[in-house]
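Each remark here refers to the structure printed beneath this line.
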Amino acid sequence: MKLKIIVVALKTDKPVEEDTSKLRGYIGKKFPQYILLHHHTDKGVLYTYPRIQYKIIEKTPIIVGIEEGAKILKEIVDELQELKLGRKMYKIQNIIMSQFNADFGKKREMIKYKFLTPWLGLSQKNYAIYKSKKTWKERKELLHSILVGNLLAISKSFGYTVRGKLYASAFFNSCVVKYKAIPHAGFTGEFRVNFILPDYIGIGKGVSHGFGTVKKIVDEKEK
């Protein structure tokens, strides 16, 4: 299937030092009428795969809109002139917007990706399972299955049925990151899977806060 994607990079007058939660908070408060920007409703939190995702990559704020989120992002982007993140104010000097229809779904061939931001693959429950594994091989097998589970969950959110089995293999480096001010186990590195994902989409926990952002690794012969 195809997904409508908009990637907006905000070029500011100085490098952004704050974390992504402040970017998400600022945009959500500025445009409270759009639930997909902040996921808060009168009935509580909206639990769905985020159609708006916030990233800070190499100190540059990036906002990704997917499907209905792409339409909202296109409507608000011209109103962004500055970012107030915590105690700092950043002037937006330039907005670079890319709009495209991206392939999404199962493939025959294995596709290689890298994590641009740490992947939060472990929930509280499967973290205990992960720690109980005696060898790194066993832990990697668990992480591979969780990665596949992430893709199946995203597919379900978009109404896409995965037919057949998904296979994943990865080279991971572990790290510790803060998500909602709480330390979490994260992973960086590269992975291969027989599934195509749009660049800058997120997988795993904390996607709306910029975690788990992926980008396809293009072989030299494909360029």
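Apart from one condition, SER174 fits all of (1) open to solvent by 70 Å² or more (accessible area, probe 1.4 Å); (2) touching a strand residue (DSSP E or B) at 6+ places or on another chain (Cβ under 8 Å); (3) among the polar types (S, T, N, Q); (4) under 24 Å from GLU68 (Cα atoms); the exception is (4). Inspection of segment 163-170 finds no residue satisfying the criterion of being open to solvent by less than 10 Å² (accessible area, probe 1.4 Å), within 24 Å of THR48 (Cβ to Cβ) and touching a residue at least 12 places away in the same chain (Cβ under 8 Å).
Need pairs with beta-carbon distance below 9 Å; first residue among the β-branched types (Val, Ile, Thr) and within segment 3-15, second open to solvent by 70 Å² or more (accessible area, probe 1.4 Å) and not in a strand (DSSP E or B); sequence gap 6+ or separate chains. Taking only residues 6 or more apart or on different chains, the pairs are ILE6/LYS71; ILE6/LYS74; VAL8/LYS74; THR12/LYS59.
Applying the criterion of being open to solvent by less than 20 Å² (accessible area, probe 1.4 Å) and in a strand (DSSP E or B) to the residues of segment 63-84, the residue that is farthest from ILE203 (Cα to Cα) is LEU83.
Restricting attention to segment 22-36, does a residue exist that is closer than 23 Å to GLY159 by Cα, modelled with pLDDT under 95 and open to solvent by less than 20 Å² (accessible area, probe 1.4 Å)? No: zero hits. Residue-level check: of (1) within 21 Å of ILE52 (Cα to Cα); (2) out of contact with any Cys (no Cβ under 7 Å at 6 or more places or on another chain), PRO118 misses just (2). Across segment 145-191, the number of residues qualifying as assigned to a loop (DSSP other than H, G, I, E, B) and not hydroxyl-bearing (Ser, Thr, Tyr) comes to 9. Under the condition of being surrounded by 13 or more Cβ atoms within 10 Å (Cβ to Cβ) and in contact with a helix residue (DSSP H, G or I) (Cβ under 6 Å, 6 or more places away or on another chain), the residues counted in segment 85-94 number 1. ASP103 passes every criterion in (1) in contact (Cβ under 8 Å) with a residue 24 or more places away in the chain; (2) within 26 Å of ASP13 (Cα to Cα) apart from (2).
The values are calculated or read from the model by the stated rules, or taken from the named source; none is laboratory data. Here the structure is a predicted model, which is why all the values come from computation and not from measurement. Every residue, glycine as well, gets a Cβ built from its backbone with ideal geometry; the counts of neighbours run over all protein chains shown. Areas reflect the complete protein model, heavy atoms only, side chains present, ligands, DNA and RNA absent. Shrake-Rupley method; radii C 1.70, N 1.55, O 1.52, S 1.80 Å.
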